[in-house]
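Novice: Here it is: the structure, laid out below.
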Amino acid sequence: MNETLKVVGLVKEYDSFRAVDHITFAVNQGEIVGLLGPNGAGKTTTINMILGILEPTIGSIEILGKNLKEHRTEIVKQMNFAAVYAQMPGNLTVRQNLYVFGRLYQVRNLTEKIGFVLHDFDLDAFANTKAGLLSSGEMTRLNLAKALINEPSLLLLDEPTASLDPSVANLIRERMKNWVAETQTTVLWTSHNMYEIEAVCDRVLFLSHGKILLTGNPRTLPAEHGKKDLEELFIGVAREPLSFL
Amino acid sequence: MKDRCMSISRIYAVFLRQVFLIRSNPTRLVSMFLWIIMDVILWGFITKYLGSLGRDTLSFVNIMLGAIILWGFTTRIEHGVMTTFLEDTWSRNLINYFASPLQIDEYICGLVVTSIAMGICGLLLMLLIAGLCFGYNIFAIGFYLLPFLLVLFIFGIAIGIFVSALIFRLGPAAEWIGWPIPMVLSVFSGVFYPVSNLPKFLRVVSRVLPASYVFESMRAILMNRLFPGRLVIYLCIGLALSCAYLLVTYFFFVRVYRYNLKHGTIARFNIE
């Protein structure tokens, strides 16, 4: 299998606090991997390091076979992200935002591409609406449209469906699953919704106190650890991390 | 880092975002130009009145309005860089930008290009008003106008980058440092009076400010106390100082960026 993302011995320290503690993992092409863990476990810190907006203290990140630190611009052109804490600027319209970010990612046939993603995410009617006026669901769709505008090989989704109602969240999940099936995009997905993780992820990594405690198939992992479902396993990892070491 | 090639497409994207912002809300134009228009009108009337009390009215108008226009240009350039950066902090866009392929050099270039466009528009508007309302002729300065503008332009960019770096390092609240900086610098730059009017210990500050060489030279030209050799030396010092500041502030911004990368400030910038 082709490894799209390879993280080796990654550490992030803030003064004496270690947010991420020697984590090593790989994600293969076309795989959707869930990054799970309680608040403060180090998920967003890990994602930020993979995005290149946070410098690791130690360790290396390889994306598409290239070292992120040395080839950042070249690599980042082939990846993208959507996160609940990184919304598109509300003072530009949907189309203007997609145009600006399409230019940043040097997307070819940009106007045509914008038309496609607007249609794919049911945003045609909002093309000329300022992003700040969109509802949570529409804003999430815009963030995802921006995240897919460059047809990334690696997609990082940090709680993409947080604050959405179950119906919209379900639509988003289906859309993303279809996209991955069609394009063989690699996805690293964080969520606190265990139902979502079970529905979309091929594999999960459980993080607690900056360490990876568990890894495996979200559908079989709970039984392997004597838990009835992923949620119970999550609670166990969050409350008694030492028992999983 | 092996990514060294700058992309015009990405620089254009930074510029284009500002064009979209201005187009979408014309009040931005008001904030860009209202102050400089008011400055020219207010000082136009003041100088006209003060000039009428003396003998050499034309020279007085030319000196004061020339100073207002050239300093307004510098201020516009500085504010242009700063407000472009602030627009990204206000809309929490830094994380989107820096998680994209945009390089720090390209981002700074985008700020500067936007500022050039704003600065030139501001300059033309000030010249138009000063010319039509007060009979001011910028070309009275002659050939030296171009090097004057160049020195002030580079200095304005340097201050803008410095202030943006401060905001980037200290958080959005630091924008209040940026607004009054041109006013503070005008005290030492001899914009409205000769540097010799300052107490001796403050003249030391003037000597390291490129703008003071421009305004001293401008007064010398308009008051017919022109010593071409000295003027060229003044302009060379002004230009060298401006370029040095530009280089230093550029490295300062890049250093702040690297600091923020290390400390995770980009992702949580708006809470600083």
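Novice: Looking at the structure I just gave you, is B:Asn224 on the phi > 0 side of the Ramachandran plot, loosely packed, with under 13 Cβ neighbours inside 10 Å and out of contact with any strand residue (DSSP E or B) (no Cβ under 6 Å at 6 or more places or on another chain)? Talk me through it step by step, then tell me what you get.
Specialist: Numbers: on the phi > 0 side of the Ramachandran plot: yes; loosely packed, with under 13 Cβ neighbours inside 10 Å: yes; out of contact with any strand residue (DSSP E or B) (no Cβ under 6 Å at 6 or more places or on another chain): yes.
Against the criterion (on the phi > 0 side of the Ramachandran plot, loosely packed, with under 13 Cβ neighbours inside 10 Å and out of contact with any strand residue (DSSP E or B) (no Cβ under 6 Å at 6 or more places or on another chain)), B:Asn224 qualifies.
Novice: Applying the selection to segment B:164-191, what residues are touching a helix residue (DSSP H, G or I) at 6+ places or on another chain (Cβ under 6 Å) and not in a helix (DSSP H, G or I)?
Specialist: Matches in segment B:164-191: B:Ser189, B:Gly190, B:Val191.
Novice: Take B:Arg92 and tell me if it is basic (Lys, Arg), touching a residue at least 40 places away in the same chain (Cβ under 8 Å) and more than 14 Å from every other protein chain (Cβ to nearest Cβ). Talk me through it step by step, then tell me what you get.
Specialist: Numbers: basic (Lys, Arg): yes; touching a residue at least 40 places away in the same chain (Cβ under 8 Å): yes; more than 14 Å from every other protein chain (Cβ to nearest Cβ): no.
No: the conditions fail for B:Arg92.
Novice: Can you confirm whether segment A:139-162 contains a residue that is more than 23 Å from A:Val76 (Cα to Cα) and part of a helix (DSSP H, G or I)?
Specialist: No, every residue in segment A:139-162 fails to be more than 23 Å from A:Val76 (Cα to Cα) and part of a helix (DSSP H, G or I).
Novice: For A:Asn80, which of the numbered conditions (1) modelled with pLDDT under 95; (2) within 23 Å of A:Gln184 (Cβ to Cβ) fails to hold?
Specialist: The single condition A:Asn80 does not satisfy is (1).
Novice: Limited to segment A:5-16, what total is found for residues that are modelled with pLDDT under 95 and either within 22 Å of A:Ala83 (Cβ to Cβ) or crowded, with 21+ Cβ neighbours inside 10 Å (or both)?
Specialist: The number of residues fulfilling the criteria is 1.
Novice: I'd like the residue in segment A:19-53 that is over 16 Å from the mean Cα position of the chain (by Cα) and within 13 Å of chain B (Cβ to nearest Cβ) and, out of all such residues, is surrounded by the most Cβ atoms within 10 Å (Cβ to Cβ).
Specialist: A:Val20
Novice: Within segment A:195-229, can you find the residues that are touching a residue at least 60 places away in the same chain (Cβ under 8 Å), part of a helix (DSSP H, G or I) and touching a helix residue (DSSP H, G or I) at 6+ places or on another chain (Cβ under 6 Å)? Break it down stepwise before answering.
Specialist: If we filter segment A:195-229 for residues that are touching a residue at least 60 places away in the same chain (Cβ under 8 Å), which is where we start, we get A:197, A:200-212, A:215, A:218.
Applying the additional criterion that residues be part of a helix (DSSP H, G or I) yields A:197, A:200.
Within segment A:195-229, A:Val200 is the sole residue that qualifies.
Residue by residue, here is whether (1) in contact with a Phe, Trp or Tyr (Cβ under 7 Å, 6 or more places away or on another chain); (2) buried (at least 17 other Cβ atoms within 10 Å of the Cβ); (3) modelled with pLDDT of 95 or more; (4) over 30 Å from A:Gly52 (Cβ atoms) holds:
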site	(1), (2), (3), (4)
B:Ser91	no, yes, no, no
B:Glu106	no, yes, yes, no
B:Cys109	no, yes, yes, no
B:Gly119	yes, yes, no, yes
B:Leu127	no, yes, no, yes
B:Tyr136	no, yes, no, yes
B:Gly142	no, no, no, yes
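Novice: For A:Leu10, which of the numbered conditions (1) part of a strand (DSSP E or B); (2) without any contact (Cβ under 8 Å) to a residue 40 or more places away in the chain; (3) over 18 Å from A:Cys201 (Cβ atoms) fails to hold?
Specialist: (2)
Novice: Taking segment A:135-184 as the search range and keeping residues that are polar (S, T, N, Q) and within 25 Å of A:Met49 (Cα to Cα), which one is surrounded by the fewest Cβ atoms within 10 Å (Cβ to Cβ)?
Specialist: Step one: of segment A:135-184, the residues polar (S, T, N, Q) are A:135-136, A:140, A:143, A:150, A:153, A:161, A:163, A:167, A:170, A:178, A:183-184.
Subsequent filtering for residues that are within 25 Å of A:Met49 (Cα to Cα) retains A:140, A:143, A:150, A:153, A:161, A:163, A:183-184.
Numbers: A:Thr140: 23, A:Asn143: 25, A:Asn150: 23, A:Ser153: 21, A:Thr161: 26, A:Ser163: 12, A:Thr183: 14, A:Gln184: 14.
For segment A:135-184, the residue satisfying everything is A:Ser163.
Novice: Report, by residue number, each residue of segment B:69-123 that is of a type in the set (Val, Ile, Thr) and closer than 19 Å to B:Ser7 by Cβ.
Specialist: Scanning segment B:69-123 gives B:Thr84, B:Ile104, B:Ile108, B:Val112, B:Val113, B:Thr114, B:Ile116.
Novice: I need a count of the residues in segment A:54-113 that are more than 8 Å from every other protein chain (Cβ to nearest Cβ), over 21 Å from the mean Cα position of the chain (by Cα) and not in a strand (DSSP E or B).
Specialist: Residues that pass the stated criteria total 9.
Novice: What is the one condition in (1) under 26 Å from B:Trp90 (Cβ atoms); (2) surrounded by fewer than 18 Cβ atoms within 10 Å (Cβ to Cβ) that B:Asp39 does not satisfy?
Specialist: All conditions pass for B:Asp39, except number (2).
Novice: Scan segment A:111-146 residue by residue and report those that are free of Cβ contacts under 8 Å to residues at least 24 places away in the same chain and on the phi < 0 side of the Ramachandran plot. First the steps, then the outcome.
Specialist: If we filter segment A:111-146 for residues that are free of Cβ contacts under 8 Å to residues at least 24 places away in the same chain, which is where we start, we get A:111-112, A:115-116, A:119, A:122, A:124-125, A:135, A:138.
If the condition is that a residue be free of Cβ contacts under 8 Å to residues at least 24 places away in the same chain and on the phi < 0 side of the Ramachandran plot, then A:Thr111, A:Glu112, A:Gly115, A:Phe116, A:His119, A:Asp124, A:Ala125, A:Ser135, A:Glu138 are the ones that fit.
Novice: Testing A:Asn128 on (1) more than 28 Å from A:Gly52 (Cβ to Cβ); (2) within 11 Å of chain B (Cβ to nearest Cβ); (3) within 19 Å of the chain's Cα centre (by Cα), one condition comes back false. Which one is that?
Specialist: Looking at each condition in turn, A:Asn128 falls short on (3).
Novice: With buried (at least 21 other Cβ atoms within 10 Å of the Cβ), closer than 30 Å to B:Tyr250 by Cβ and among the hydrophobic types (A, V, I, L, M, F, W, C) as the only criterion, which of B:Phe73, B:Phe33, B:Phe20 stands out? Full working, then the answer.
Specialist: Details: B:Phe33 fails: buried (at least 21 other Cβ atoms within 10 Å of the Cβ); B:Phe20 fails: buried (at least 21 other Cβ atoms within 10 Å of the Cβ).
Answer to the selection: B:Phe73.
Condition check ((1) in the same structural domain as A:Arg18 (by TED's automatic domain parsing); (2) at pLDDT 95 or above; (3) more than 17 Å from the chain's Cα centre (by Cα); (4) closer than 17 Å to A:Gly30 by Cβ) across all residues:
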residue: A:Lys146; (1), (2), (3), (4): no, yes, no, no
residue: A:Ser167; (1), (2), (3), (4): yes, no, yes, no
residue: A:Tyr195; (1), (2), (3), (4): yes, no, no, no
residue: A:Glu198; (1), (2), (3), (4): yes, no, no, no
residue: A:Ala238; (1), (2), (3), (4): yes, no, yes, no
residue: A:Phe244; (1), (2), (3), (4): yes, no, yes, no
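Novice: Examine segment B:173-192 for a residue that is touching a Lys or Arg at 6+ places or on another chain (Cβ under 8 Å) and surrounded by fewer than 20 Cβ atoms within 10 Å (Cβ to Cβ), and state whether such a residue exists.
Specialist: Taking every residue of segment B:173-192 in turn, none turns out to be touching a Lys or Arg at 6+ places or on another chain (Cβ under 8 Å) and surrounded by fewer than 20 Cβ atoms within 10 Å (Cβ to Cβ).
The values are calculated or read from the model by the stated rules, or taken from the named source; none is laboratory data. Predicted model only: the values in this text are computed from it and were never measured. Cβ coordinates were reconstructed from backbone atoms using ideal geometry, including for glycine residues, and neighbour counts include every protein chain displayed.
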